[in-house]
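The values are calculated or read from the model by the stated rules, or taken from the named source; none is laboratory data. This structure is a prediction, so every number in the text was calculated from the model and none was measured. Because the Cβ atoms are built from the backbone with ideal geometry, glycine has one as well, and the counts that use them run over all protein chains shown. Keep in mind that these areas ignore ligands, DNA and RNA; they rest on the heavy atoms of the full protein, side chains included. Shrake-Rupley method; radii C 1.70, N 1.55, O 1.52, S 1.80 Å.
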Amino acid sequence: MTSQPGLVIPPPIPVSTTNKLSSSTSAGFLDPLYNNPIFSSVASAYNSFQAKRDLLGLSNPGTVENVSKEVQRDVFLNNSAFSGVRAELQKAFSMSPLFQVCHSFSTGNQQMPPYVFMALYGTNKVFCQGNLESDLSFAARFNYRWSPRWVTKTQAQISPAGGMAGPGSAQFQIENDYIGKDFTAQLKAINPSMLDGAFTGIFIGSYMQSVTPRLALGLEGVYNRLAANMGPETVLSYAARYKGDDWIASGQLLTQGGLSAAYWKRITDKVEAGVDISLAAAPAGPGAGMMGMPKKEGTATLGAKYDFRASNFKAQIDTNGRVACVLEKRIVPVVGVTFSGELDHSKNSAKLGLAVSIEAADEEVMAQQERGLLEPVSPPF
């Protein structure tokens with residue numbers, strides 16, 4: 001679950017040291033404001049608070065939605081498991097600015113289109129990406145970095161009727177992230193609209209603040225109104241994150257009854273492990289009646305990641321009887337192979353996946369990169 005638009009923290013306000021109006025025409029207009037005793041007291045207190053805050057040595061804690069990213073994104077297989085056969089052909093035309101295209105072919109997976117064309121462009125301020133699938137579904141991303149701390153991210157997706165997504169649909173999302181020195185603020189809107197006479201859509205706001213060099217606390221709120229004739233729904237959640245020397249513990253509590261906790265541990269330089277526990281109160285089943293108590297559900301997942309010189313291996317198992325693993329191997333610098341396997345004991349099913357990735361670049365780009373003539377760019381992903 002997850003930036004606050006236009007949120008810019010002003011620099012410390014200078015405190016006036018004189019009660020006389022300045023003869024300078026540029027500062028004369030603001031002198032009455034600076035010389036105001038109330039304003040001077042507030043500015044002095046703010047500057048003193050900022051000075052003490054800087055002495056704590058706090059770092060940016062990340063975002064609420066990524067409070068357990070070390071477990072969910074780095075160790076678990078959420079973004080890397082697949083089934084079927086897939087082939088990817090990538091070519092980089094430029095590295096500074098970044099410009100590359102990718103052709104992806106897949107078969108044996110009903111959730112993946114047979115063909116996808118992807119193109120992306122990136123500089124230190126701009127990131128653009130477009131995906132066009134074989135069923136004419138289109139997805140685009142455009143991110144812009146207004147300043148080193150403020151980034152706006154937009155996404156749009158259009159799916160025609162009869163495609164893999166079923167009925168035709170369209171989705172638009174805009175997000176603003178402000179990354180402070182010791183906090184992160186986010187504001188996200190999904191399909192915002194006022195065409196129906198009411199403000200509809202999904203709106204998510206969150207704030208994460210470092211309290212000590214190791215502890216960070218966060219708050220997230222969700223406002224959901226799908227249609228004008230439907231009442232709004234709100235959800236509030238609290239997040240906490242504690243960072244040790246080689247471990248990180250995090251948790252998130254939903255006011256409606258959900259709870260998740262994660263623990264990440266770096267065992268060696270090449271081995272990481274993580275565990276996640278999720279508890280939720282699901283609606284009572286049919287026939288439970290009006291007084292039926294909600295059913296409590298819980299899942300525990302254990303995973304590990306091994307990094308080798310030219311490959312990495314991920315594996316995980318959960319209490320629902322699901323066992324999965326992914327092996328990524330770099331055969332040569334431009335060719336990679338990925339193997340994915342999953343066994344679900346509760347459903348008595350198994351999935352296998354094999355992917356081959358080939359990367360290429362223009363000879364001029366490769367020569368410039370080898371000689372160190374290209375300055376690396378950092379797009380606002």
### Query
Out of the range 299-361, which GluC sites (Glu not before Pro) are coil in DSSP terms and have no more than 10 other C-beta atoms within 10 Å?
none
### Calculated SAXS-style log₁₀ I(q)/I(0) at q = 0.13, 0.14 Å⁻¹ - the range 216-359, Debye, Cα scatterers
-0.89, -0.97
### Message
How large a share of the accessible area of the range 171-248, in percent, is made up of carbon and sulfur atoms when the probe is 1.4 Å and the other protein chains stay in place?
### Response
63
### Task
Work out from phi, with θ = phi - 60° and the Karplus expression 6.51 cos²θ - 1.76 cosθ + 1.60, the ³J(HN,Hα) of each residue of the range 215-225, listed in order in whole Hz, and give x for Gly and Pro.
10, 9, 10, x, 9, 9, x, 10, 10, 10, 9
### Summary
Rg (one decimal) and Dmax (whole number) from the Cα set of the range 228-274, in Å, equal 16.6, 55
### Task
Would you pull out the residues with amide H under 5 Å of residue 267's amide H, same chain only if 5 or more places away, H placed 1.01 Å from N?
272, 273
### Query
Which length gain, in nm to one decimal place, applies between residue 194 and residue 211 when the Cα-Cα distance is subtracted from 0.36 nm times their residue separation?
2.3 nm
#### Entry: Debye intensity ratio in log₁₀ form over the Cα atoms of the range 294-381, taken at each q of 0.14 Å⁻¹
-0.74
### Task
Would you kindly calculate the translational diffusion coefficient of the range 184-225, applying Stokes-Einstein with the Kirkwood radius from alpha carbon pairs, for 10 °C and a viscosity of 1.306 mPa s, and quote it in µm² s⁻¹ without decimals?
134
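Based on the Kirkwood radius over alpha-carbon pairs, what value in µm²/s does the Stokes-Einstein equation return for the translational diffusion coefficient of the range 93-149 at 10 °C and 1.306 mPa s?
Translational diffusion coefficient: 124 µm²/s.
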### Query
Per residue, how much accessible area does the range 74-129 have with a 1.4 Å probe, in Å²?
51
### Summary
Note: residue 80 to residue 255 extended length (0.36 nm per residue) minus current alpha-carbon separation gives 59.9 nm
